[in-house]
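Report on one structure; see the data block that follows.
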Amino acid sequence: MLEYKFNKFLSLPEVKFIKKRNLTNHTIEFEAIKQSTFEVCPKCATKSYKVYDHVYVNIKDTPIRDKQVFLKIRKRRFKCP
Ligand SMILES: [Zn+2]
């Protein structure tokens, strides 16, 4: 992670950094997993613990020097009870 340790998202306790990849000479991708044990349903605000799927979320982050930074976060999707 090195120079990237100050990123807010990757410093969250439930986010685990996996790997760094150079996509091109000017593009870096950081892959991470969000390991929350539950999520709150956006529709009814119920806590859900039932994992039914995984999704990747791509976030464009602030550049480091001359490099474009992308975060690829693997999240669990929870089924609303
Ligand atoms: Zn719900």
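When Rg and the Kirkwood radius Rh are both evaluated on Cα atoms of the chain, their ratio Rg/Rh stands at 1.06. For the set PHE17, PHE30, the ranking by accessible area, highest first and with no ligand, DNA or RNA atoms included, is PHE17, PHE30 under a 1.4 Å probe. Note on surface exposure: VAL57, VAL15 rank VAL57, VAL15 by accessible area, highest first, 1.4 Å probe. With a 1.4 Å probe and all protein chains left in place, how much of the accessible area of segment 2-79 comes from carbon and sulfur atoms, in whole percent? The value for segment 2-79 is 53 percent carbon and sulfur by accessible area. Ranking PHE17, VAL55, PHE30 by Cα position along the charge dipole of segment 2-79, where only Lys, Arg, Asp and Glu carry charges on their C-beta atoms, puts VAL55 farthest toward the positive end. Treating r as the C-beta distance of LYS60 and ILE33 and R0 as 22 Å, the FRET efficiency rounds to 0.70. With K and R counted +1 and D and E -1, the other residues having a Cβ less than 12 Å from that of GLN35 yield a net charge of +3.
The values are calculated or read from the model by the stated rules, or taken from the named source; none is laboratory data. For clarity, every value in this text was computed on a predicted model and none was experimentally measured. No Cβ is skipped: glycine too gets one built from the backbone with ideal geometry, and neighbour counts run over all protein chains shown. Side chains are part of the model used for accessible areas, which takes the heavy atoms of the whole protein and leaves out ligands, DNA and RNA. Shrake-Rupley method; radii C 1.70, N 1.55, O 1.52, S 1.80 Å.
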